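The values are calculated or read from the model by the stated rules, or taken from the named source; none is laboratory data. If you're wondering where the values come from, they're calculated on a predicted model, not measured in any experiment. Quick reminder, even Gly has a Cβ in these numbers, built from the backbone with ideal geometry, and neighbours come from all protein chains shown. Just the protein is used for accessible areas: all its heavy atoms, side chains included, with ligands, DNA and RNA removed. Shrake-Rupley method; radii C 1.70, N 1.55, O 1.52, S 1.80 Å.
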Amino acid sequence: MSIPKLTIIKGPEEGRSYDLNKEQMKFGRQVTCDIVIPLTSVSREHAQVVQNEGKYFLVDNGSRNGTFLNNNKVDASQARIELKNGDKIRICDMEFMFNSAAGGDTTDAGIDEEIDETENPEDQPNIESSVAASQLILEAQPAEKLRALLEISANLSKTLDLDPLLPKVAEILFQVFRQADRCFVILAEDGPNPRLMPKVVKTRRAQDESGARFSRTIVKRCLESKQAFTADDASRSDAVGLSQSVVDFRIRSVMCVPLIGPSGKALGVVQLDTQDRAKKFTQDDLKLLWCVANQAAIAMENARFHERTVHDERARAARTADMKLAREVQASFLPEQEAEASEYYCKAYYKSAQEVGGDYYGYTKLLDGRLAVAIGDVAGKGVPAALIMSKVSSETRFWLLSEPDLPTVVCRINSALYPALEKLSKFVTFETMVIDPVSHNIQIVNAGHMVPLLVPADGSAVRDVVSDEITGLPLGVADEYPYEVKDFSIQPGDCLLLYSDGVSEAMSVKDEAFTTDAIKKTLAATPVKDPASLVENLRKALDAHAAGREYPHDDITIVCVGRRA
């Protein structure tokens, strides 16, 4: 009784048949498959033919590039499709015909249409061929070669460090290809004119390795075409031409196969050559080398991906450490504890939009017993704003301790910052006030910042403590700008609230700003009118307003100063 067969009707092994003598016959790139197709476009276990009660069925195993039956794509969700005599199965560039035992032999007609009548190249005195990846399929190799291929595949799959492994691959290739005198694994840099870098140079005699050279003509031809190249005698090859390197390096029979990873990019080549005209490589040798090159290319691309991942992870870790240090440095510019001066006491809240922020606030106790409170907001966010903020902090403290006149203090700070801010097209809104705990006089200078809010202890309306008329230009807009000062006082139990625009402009999920009116309503609704209660209630109101979206989108600073009742 005849056994049903699958016969190749398109591909480099046209006419070869496979007996369907198993319950399952698997097609795929993996060497354990029954019909091995060592191409990266073919899945590891691409498809299978299943036998059940004398009938044969085609099953696609969820392959990446699909399986076709009579030019119709097989749906991977279908359990199986029954095969009929003469059906054609196509996997990538390979095509097979199903020949049932009962249907007679139908393969001749299919093969005759495809046969190339040209002379068999093996009859020519100088064999030379260029074989594309899509044209190769692994034939049944001697047991030794298959063992070597499995050993190489197993080793390549177990490591992401190829530096110690590639020389081992070269050593195994020498065991398989006993006619080889030299083996090169050559990598190519990225770019239009890649630099060729020998990764492995191995010779049959160790003393020859220092002088071993490869032909750049052959390697570049292989890389550019992404095709395997072989010649019985490279010195007589028309494809290589009169290459001086071939003559100088005594290259005779040669195989050069590109290392093409899953992405389709040529990473380099593997080249084996002989220096003896009597030693020649066969087409079977080339196909086996191609299988090795495919496995090596996959491993190399995986290793490169792993290396990039490790590098990126280290960079992220370094950046995290840098940002942690930056946060610690920035925190050192902000007050470690709240300030007090006789009847006056403070409470603050600070939250940056990014790892570090551009808002600033600070307390400075002056030599005469007065207390200075300052707040600022650098245009922008993140590290650049934080660096400017550190400069604002140091200049503010220096001039408050050096200059008794408050408008002059702000002028000096502006002059110190102006050159850098003007060059960077940045500015800083700024506000500072000095409290005299004896006379209860408060002075304030405003450089484009939000006007402070007065929260009266008697329950009357929350209101601006000074008019916008004294508000001057932000720092960094104009040098030598004359800032004005305003004197006022607050009553026992009253509180003053200073804040940055990150509070009034906090956004909801509906892209609605919190607004100054909402700040006033929150302050008025706070039962206990003391700095800690006012700041905490305002913080909770902001959190509720911005719930459901990334928050904050801008740095938030709140400083509340109260006079004890």
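All but one of (1) in contact (Cβ under 8 Å) with a residue 24 or more places away in the chain; (2) out of contact with any helix residue (DSSP H, G or I) (no Cβ under 6 Å at 6 or more places or on another chain) hold for Gly15; state the number of the condition that does not hold. The single condition Gly15 does not satisfy is (2).
When the criteria are applied in full, Gln51 meets the requirement of being touching a Phe, Trp or Tyr at 6+ places or on another chain (Cβ under 9 Å), polar (S, T, N, Q) and open to solvent by 50 Å² or more (accessible area, probe 1.4 Å).
Considering (1) open to solvent by less than 40 Å² (accessible area, probe 1.4 Å); (2) assigned to a loop (DSSP other than H, G, I, E, B); (3) over 18 Å from Cys495 (Cβ atoms), the lone condition that Pro437 does not fulfil carries the number (3). Here Val528 passes the criteria (1) open to solvent by less than 50 Å² (accessible area, probe 1.4 Å); (2) out of contact with any Leu (no Cβ under 7 Å at 6 or more places or on another chain) except the one numbered (1). Here Asn65 passes the criteria (1) polar (S, T, N, Q); (2) touching a strand residue (DSSP E or B) at 6+ places or on another chain (Cβ under 6 Å); (3) modelled with pLDDT under 90 except the one numbered (2).
Going by the conditions given, is Glu484 open to solvent by 60 Å² or more (accessible area, probe 1.4 Å) and touching a Gly at 6+ places or on another chain (Cβ under 8 Å)? Yes: the conditions hold for Glu484. For region 282-338, residues that are among the basic types (Lys, Arg) and closer than 22 Å to Val42 by Cβ total 1. If I filter region 342-375 down to residues being assigned to a loop (DSSP other than H, G, I, E, B) and free of Cβ contacts under 8 Å to residues at least 60 places away in the same chain, which single residue comes out as farthest from the chain's Cα centre (by Cα)? Ranking the qualifying residues of region 342-375, first place goes to Asp368.
For the condition in a strand (DSSP E or B) and of a type outside the set (Lys, Arg), Glu422 does not qualify. Listed by first and then second residue, the pairs linking a residue in region 193-216 that is surrounded by fewer than 16 Cβ atoms within 10 Å (Cβ to Cβ) to a residue that is in a strand (DSSP E or B) and among the hydroxyl-bearing types (Ser, Thr, Tyr), with Cβ atoms under 7 Å apart and 6 or more places separating them unless they lie on different chains, are Glu209/Thr203. Looking only at residues that are assigned to a strand (DSSP E or B) and polar (S, T, N, Q) in region 9-35, which one is nearest to Asp87 (Cα to Cα)? Of everything passing the filter in region 9-35, Ser17 is nearest to Asp87 (Cα to Cα).
Looking for whichever is part of a helix (DSSP H, G or I), at pLDDT below 95 and more than 28 Å from Val383 (Cβ to Cβ) here; the options are Glu469, Glu480. Which one fits? Exactly one residue qualifies, and that residue is Glu469. Within region 36-57, if we keep just the residues that are touching a residue at least 40 places away in the same chain (Cβ under 8 Å) and in a strand (DSSP E or B), the residue that is farthest from Ser153 (Cα to Cα) turns out to be Tyr56. Scanning region 360-407 for residues that are within 20 Å of Arg539 (Cβ to Cβ) and modelled with pLDDT under 90 gives a single hit, Lys381. Selection of region 325-362 for residues being hydroxyl-bearing (Ser, Thr, Tyr), surrounded by fewer than 21 Cβ atoms within 10 Å (Cβ to Cβ) and over 19 Å from His553 (Cα atoms) yields Ser332, Ser342, Tyr345. Of the numbered criteria (1) within 21 Å of Tyr361 (Cβ to Cβ); (2) open to solvent by less than 20 Å² (accessible area, probe 1.4 Å), the one Ser508 fails is (1). Given the condition assigned to a helix (DSSP H, G or I) and either of a type in the set (Phe, Trp, Tyr) or more than 24 Å from Tyr345 (Cβ to Cβ) (or both), answer yes or no: does some residue in region 546-562 qualify? No, there is no match, as no residue in region 546-562 is assigned to a helix (DSSP H, G or I) and either of a type in the set (Phe, Trp, Tyr) or more than 24 Å from Tyr345 (Cβ to Cβ) (or both). For region 376-397, the candidate set comprises residues that are small (Gly, Ala, Ser) and not in a helix (DSSP H, G or I); within that set, the residue that is surrounded by the most Cβ atoms within 10 Å (Cβ to Cβ) is Gly376.
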